[in-house]
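Before any comments, here is the structure.
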Amino acid sequence: VFQAQMMKWESHDIQSRFSHHLNAADITFIRSAARTRHDFKQLLESSQLPDTQLHRNLISDRFLDDWLHHSLRLHDLGRAYMLRYECKDLLRDSTDIEQAISKLMQAIRATPETSSLRWQYLVTLGDAYRVRYEYMEQQGDMDRALECYSEALHNFPPPNTCRVRALTCLGRLLFKHAHTTGDLQLYDESIVHFKEAAEARYGFAHDRLNA
């Protein structure tokens, strides 16, 4: 794919598009043509763009490591640590879940409050606390998971598609806590959240099925 993009880039039409000024669409085009940092720099260096401050900014590591890509990498890494912790059974290593929580918190801090990704990451952070609570049964983890899910739900009003996942996760957390404490009221609360998620007419089907 990258080679095909390079061939397109070498055509006169594409070259002329960037011969004078760059706008947001031009930058998006350049970035979409490269799948790695090396490809991105190679594409820019071959573009014969004028030596402007914008051109230098495009090549800079700061531009390449913008908040979106940086936060997504942190989130995915944190989730991978969490899944490994959850799936290891007898070989479970507490370092994995600690790394998961750390990476997910970094992803949240790297994401602007105006982005809905922040609240999606918050649900995953709640998952990490919930998973640790399920195996270690520390009240602090339960409280932190509840806080994460509640804040995410506040920022995911219906019919936001991410609300269903947050409802399901909160229901699962309350169900586990009810099982641990024997509090029947918590069972009722978990059922309320599961019911809203299962009956939602929005969101992804697999999230509703999980509920």
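The values are calculated or read from the model by the stated rules, or taken from the named source; none is laboratory data. Treat the numbers as computed from the prediction; the structure is a model and nothing was measured. Neighbour counts run over all protein chains shown; Cβ positions are idealised from the backbone, glycine included. To get the accessible areas, we keep the full protein, side chains included, count just its heavy atoms, and leave off ligands, DNA and RNA. Shrake-Rupley method; radii C 1.70, N 1.55, O 1.52, S 1.80 Å.
Couple of notes before you dig in:
- FRET efficiency, LEU72 to LEU184 (Cβ-Cβ, R0 45 Å, nearest 0.05): 0.65
- Looking at the range 158-211, the accessible area is 59 square angstrom per residue; that uses a 1.4 Å probe and ignores ligands, DNA and RNA.
- Share of carbon and sulfur in the accessible area of the range 122-178 stands at 51%, probe radius 1.4 Å.
- With R₀ set to 25 Å, the beta-carbon distance separating ILE191 from SER102 gives a calculated FRET efficiency near 0.15.
- Potential lengthening between MET136 and LEU209 on full extension [0.36 nm per residue; Cα-Cα distance subtracted]: 23.6 nm
- Accessible area per residue in Å² at 1.4 Å probe, computed on the range 108-154: 45
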